[in-house]
Amino acid sequence: MVSDKRETILVVDDDPKITALLRRVLTADGYEVRTANDGASGLAAALDAAVDLVVLDVMLPGMSGWDICRRIRQTRSVPILMLTAKAHVEDKVKGLDSGADDYLVKPFALEEFTARIRALLRRGQATPPEPPKEWLTFADLRLNRLTRQVERNGRSISLTAKEFTLLACFMERPKQVLTRDFLMEHVWGYDYEGESNVLEVYVANLRHKLESAGETRLIHTVRGVGYVLREE
């Protein structure tokens, strides 16, 4: 099926055979195709507003597909199809939690691949992407993604870079129970090898700053699981 519009698809994969194959298939279907073979160039290309869909491998030189996906989601809602040999359920969950719209395991049938591309592009056309919200708000707490301001009930709160990232992670997913592993990966990275209680320390620091004027608790412990941002 040839697309009515010359949508631009970016393929990010370090295997030249894969990129060459997908370029031929997608070009034959009427798409403009760009390629990148490492994490840094893939991220830079994906942030170009001219790119309509990203096909993204996980294991890439310099930066993982999961990290690229999270970075893209900070500024763009472009459809992302993860294409990888990592077939475990936890890998799929990790990809989708990172912001991917779909996940296809290698080896794959080209007919299924092109069908998923068409479906993702239709979905994107049906729901025009919205720009990321500058302010995140929950209860009397506000966080500005661009200026990195944090306020509670009008009171300005000064946070370190990691505290800000952790709080933003909660505010992007209010009322959702976030596991310890999820928070460690999103804030410190999956390869973090520092103190094992670093998350608990940062949550305690956040609570102290958010409650220093006698406010109610917003970050609650879910024993044996993790934490949740909710009102009492």
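No lab work stands behind these numbers, since they all come straight from the coordinates. Everything numeric in this text was worked out from a predicted model, so none of it was measured.
For the reader, a short list of remarks on this structure follows.
- Within the chain, DSSP assigns beta bridges of which about 50% are antiparallel (rounded to the nearest 5).
- Global form of the range 8-126, assessed from the alpha-carbon gyration tensor, a/c cut-off 1.5: rounded
- Prolate/oblate/rounded label for the range 22-77 (Cα gyration tensor, a/c 1.5): oblate
- Mean ellipticity per residue at 222 nm, deg cm²/dmol - from DSSP H runs of n ≥ 4 across the chain, formula -39500 (n - 2.57): -11500 deg cm²/dmol
- Choice from Asn153, Asn197, Asn205 with maximal GNM fluctuation in the chain (Cα, 10 Å cutoff): Asn197
- Cα-based helix-to-principal-axis angle, 161-171 vs the chain, degrees rounded to 10: 80
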